[in-house]
Amino acid sequence: MGKEINIGLFGFGCVGKGLYDVLNNSKGISANIKKIAVKNRDKKRSLPSEYFTFNKYDLLDNPSINLIVELIDDAEEAYNIVTYALKNGKNVVTANKKLIAEHMEELVSLQNETGCSLLYEAAVCGSIPIIRTIEEYYVTELLYSVQGIFNGSSNYILSKTFAEGWPYDKALKEAQDLGFAETDPTLDVGGFDAKYKLVILTAHSFGLYVRPEDVFNYGIQNLNMCDIQYAKEKGYKIKLIPKVYRVGENEVTLYVMPQFVTNESNLYRVDNEYNGVTVEAAFSDKQFFRGKGAGGHPTGSAVLSDIAANSYNYKYEYHKNDINSGIEYTRNIELEIYFRYMNPEQFEKSKFISIKEKHESQDFNYVIGKVLLSDLMDDDYFSQEGSFVIQIGD
Ligand code: HSE
């Protein structure tokens, strides 16, 4: 049995309630929620009012609370809470991917300076224990790539529109009603949420801190029936894929974009709110992890796992920081893409390094060709109205 944990919980939304349920139905951990800090004074809540406070310092400065669990969706306020707690000697568990991705380097330094621990398994791929797996299992492995489906909401939308012919808006509404989506669903469908998770995994896998704003993310908002029809005819599914991979001994690249996936890929059968992660390494070769990536209980179970790990004084060691020091991020790589555009006058051959196939008809124009990742990111040409980009290949 580990030490007794007295939790100060921030937030009682979908994940906070999920954690409460999971904790109350779990054995083998001595943890209890002492107090919950919430923002909205008017909301009806399922627990007695004595549990709640509107003053964050009732938790942060409470000597009987020895673990802060931060589950709010405001990344800026989460930053204030988490840094205050660490600086004042309290360990923290959080599920906030934006907070971690945007302040990763600082938060790692803060853990080193204070000796406190910050755990965030629930921030990446919900119930899949991918951070701890990379930290512990792959500590000595030479990693080649980490990629997959990291956002449950966009995968839910892609699954429902693709397989069941649902309209996009209906699928998005359902993803929101089921508690999968962010408060601002642009973060999901625009590929930002997946990017934050990718940035976090990049640090753990390759010891490289990349700022989210330096990473290309292309979402699924502009997907239309022509793209779906094209994919179906070729036997593909369209998935939103974040990936980081080595392109040389000392270089990696990373980006998030829709991709055609064949039925030979493990990701082909990852549907709805499920996430999947494929890790490729020099000696263990390819391994695949699959599980629910969103929702109160799956995410709550990852939070509880961190709480249990905390009771045994577990901390991330960030091993790859030492092993891979000197590794750099490059956007100077060629990608093969499908580019759908609105009308033939819009087509500019010079935007492509090479072109393999081109189709123009009354209502559907596309080209398959190679482009530079840096051009995709920097050139507005690829985000013009009526266009859509999907990566070809694995
Ligand atoms: N909005 C996120 C998703 C929640 O849909 O995956 C889990 O991080």
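The values are calculated or read from the model by the stated rules, or taken from the named source; none is laboratory data. As the structure is a computational prediction, the values presented were derived from the model and not from experiment. Glycine gets a Cβ as well: all are built from the backbone with ideal geometry, and neighbour counts include every protein chain shown. For accessibility, only protein heavy atoms count, side chains too; no ligands or nucleic acids. Shrake-Rupley method; radii C 1.70, N 1.55, O 1.52, S 1.80 Å.
Only residues that are more than 16 Å from the ligand (Cβ to nearest atom) and either part of a helix (DSSP H, G or I) or open to solvent by less than 40 Å² (accessible area, probe 1.4 Å) (or both) were counted across segment 140-165, and they come to 6.
So is E50 open to solvent by 50 Å² or more (accessible area, probe 1.4 Å) and under 29 Å from the mean Cα position of the chain (by Cα) or not?
Working: open to solvent by 50 Å² or more (accessible area, probe 1.4 Å): yes; under 29 Å from the mean Cα position of the chain (by Cα): no.
So E50 fails the test.
Take the conditions (1) touching a residue at least 40 places away in the same chain (Cβ under 8 Å); (2) surrounded by fewer than 20 Cβ atoms within 10 Å (Cβ to Cβ); N310 misses just one of them, which is (2). The set of residues in segment 113-125 that are away from the ligand (no atom under 12 Å from the Cβ) and buried (at least 23 other Cβ atoms within 10 Å of the Cβ) comprises L118, L119. Restricting segment 293-319 to residues that are closer than 23 Å to A203 by Cα and under 16 Å from the mean Cα position of the chain (by Cα) leaves a set whose member that is farthest from the ligand (Cβ to nearest atom) is V303.
Restricting E249, E264 to those that are acidic (D, E) and over 30 Å from K160 (Cα atoms) reduces the list to E249.
Scanning segment 177-194 for residues that are closer than 27 Å to Y236 by Cβ and part of a helix (DSSP H, G or I) returns T186, L187, D188, V189, F192, D193, A194. Filtered by the rule that a residue be crowded, with 21+ Cβ neighbours inside 10 Å and more than 16 Å from the ligand (Cβ to nearest atom), segment 80-106 gives I81, V82, A85, L86, K90, N91, V92, M104.
Scanning segment 372-387 for residues that are open to solvent by less than 50 Å² (accessible area, probe 1.4 Å), within 13 Å of F339 (Cα to Cα) and assigned to a helix (DSSP H, G or I) returns L376, Y381, F382. Any chance segment 126-138 includes a residue that's part of a loop (DSSP other than H, G, I, E, B), within 11 Å of the ligand (Cβ to nearest atom), free of Cβ contacts under 8 Å to residues at least 60 places away in the same chain and under 15 Å from the mean Cα position of the chain (by Cα)? Scanning segment 126-138 turns up no residue that is part of a loop (DSSP other than H, G, I, E, B), within 11 Å of the ligand (Cβ to nearest atom), free of Cβ contacts under 8 Å to residues at least 60 places away in the same chain and under 15 Å from the mean Cα position of the chain (by Cα).
Of all positions in segment 22-40, none carries a residue that is at negative phi, crowded, with 19+ Cβ neighbours inside 10 Å and of a type in the set (S, T, Y).
Looking only at segment 248-271, decide whether some residue is out of contact with any helix residue (DSSP H, G or I) (no Cβ under 8 Å at 6 or more places or on another chain), modelled with pLDDT of 95 or more and at positive phi. No - not one qualifying residue is present in segment 248-271.
Results for (1) out of contact with any strand residue (DSSP E or B) (no Cβ under 6 Å at 6 or more places or on another chain); (2) open to solvent by less than 20 Å² (accessible area, probe 1.4 Å); (3) without any contact (Cβ under 8 Å) to a residue 12 or more places away in the chain; (4) more than 23 Å from I241 (Cβ to Cβ), shown as yes or no for each residue.
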residue	(1), (2), (3), (4)
G326	yes, no, no, yes
E336	no, no, no, no
N343	yes, no, no, yes
S354	no, no, no, no
S361	yes, no, yes, yes
N365	no, yes, no, yes
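Restricting attention to segment 53-79 and to residues that are touching a residue at least 12 places away in the same chain (Cβ under 8 Å) and of a type in the set (F, W, Y), the residue that is least open to solvent (accessible area, probe 1.4 Å) turns out to be Y79.
I want to confirm something. Restricting to segment 269-288 and keeping residues that are over 19 Å from L201 (Cα atoms) and away from the ligand (no atom under 16 Å from the Cβ), which single residue is most open to solvent (accessible area, probe 1.4 Å)? Selected residue: F283. For V256, the criteria (1) outside the structural domain of L86 (by TED's automatic domain parsing); (2) farther than 21 Å from L208 by Cα; (3) within 16 Å of the ligand (Cβ to nearest atom); (4) open to solvent by less than 30 Å² (accessible area, probe 1.4 Å) hold in every case but one, which is (2).
Would you call D188 within 12 Å of the ligand (Cβ to nearest atom), crowded, with 23+ Cβ neighbours inside 10 Å and not hydrophobic (A, V, I, L, M, F, W, C)? Against the criterion (within 12 Å of the ligand (Cβ to nearest atom), crowded, with 23+ Cβ neighbours inside 10 Å and not hydrophobic (A, V, I, L, M, F, W, C)), D188 qualifies. Checked against (1) surrounded by 22 or more Cβ atoms within 10 Å (Cβ to Cβ); (2) away from the ligand (no atom under 11 Å from the Cβ); (3) more than 18 Å from V261 (Cβ to Cβ), A175 passes all but condition (2). Of all residue pairs spaced 6 or more apart or on separate chains, those with beta-carbon atoms under 6 Å, a first member in segment 224-242 that is open to solvent by less than 50 Å² (accessible area, probe 1.4 Å) and a second member that is among the hydroxyl-bearing types (S, T, Y) are K237/Y268; L240/S154.
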